[in-house]
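The values are calculated or read from the model by the stated rules, or taken from the named source; none is laboratory data. Nothing here was measured: the structure is a model prediction, and the numbers come from that model. Note that we place each Cβ from the backbone using ideal geometry, even for glycine, and neighbour counts take in every protein chain shown.
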Amino acid sequence: MAEDEETKNQEDSNPESSDKKESGSGFLAWIIMAVVILLFAGAGFGVGRLLAGSKKPAEAVPSQQDESTVATEAVDLSSAEPTKTWYYPMEPVVANLNEPSVTRYVRATLVLEMSGEVDQAKGTTFIDEKKPLLTNWLTIFLAGQTIEDIRGDRNLRRVQSQILDTFNEKLFPDARPQIKQILFKEFAIQ
């Protein structure tokens, strides 16, 4: 029994054995902290990705005017039944990308999802008249983009949002936006 107490006292007085115990528990604490940090970072990234895809651009609301008078001031395109959306296919647009050392181009074909508040026959005629302006703007816009500006889903959503905002502004400058969404039928980078 006296020997047991002696070995116990020697272990307590031996600095190497106590360092081993402390370093083992310290190392375990660092591992646990690293795992917790990785879990929180992964969760934050996942939540950020989920929320980033669900945002819609804010609609411009006319100030101090009744929406019905604003819509009729620009062009009377309203229909009797504002229930269904309809689609307007655009012609393909080809533009060289803004890449200094190599020639790359993009070919984009868009489809406009129009609000059901716009009569399809009147709206089609109206967009046909304005199509040269839209095609010109889209060609210039795409020519100003680099390959990195349009690569990936996040960048394509940004491009869609910019096209949507500009097309609504050009077609319905003093009215509520009537294009609900820009859809890519084709978006090829060469």
### Message
Tell me yes or no: at least one residue of region 113-125 is in the same structural domain as E99 (by TED's automatic domain parsing) and within 17 Å of L97 (Cβ to Cβ).
### Response
no
### Task
Output the qualifying pairs, or none if there are none: Cβ atoms under 9 angstrom, residues six or more apart or on different chains, first residue in region 99-127 and in a loop (DSSP other than H, G, I, E, B), second residue aromatic (F, W, Y).
S115/W86; G116/W86
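Have a look at I163, I150, I140 and point out the one that is modelled with pLDDT of 95 or more, surrounded by 14 or more Cβ atoms within 10 Å (Cβ to Cβ) and of a type in the set (V, I, T). Before the answer, list the steps.
Working: I150 fails: modelled with pLDDT of 95 or more; I140 fails: surrounded by 14 or more Cβ atoms within 10 Å (Cβ to Cβ).
Exactly one residue qualifies, and that residue is I163.
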### Query
In region 170-190, how many are within 24 Å of D119 (Cα to Cα) and either without any contact (Cβ under 8 Å) to a residue 40 or more places away in the chain or of a type in the set (V, I, T) (or both)?
2
### Task
Taking the residues in region 120-137 that are in contact with a strand residue (DSSP E or B) (Cβ under 7 Å, 6 or more places away or on another chain) and buried (at least 17 other Cβ atoms within 10 Å of the Cβ) as candidates, determine which candidate is nearest to L110 (Cα to Cα).
I127
### Query
Of the numbered conditions (1) over 20 Å from the mean Cα position of the chain (by Cα); (2) not in a helix (DSSP H, G or I), N136 satisfies every one except a single condition; which is it?
(2)
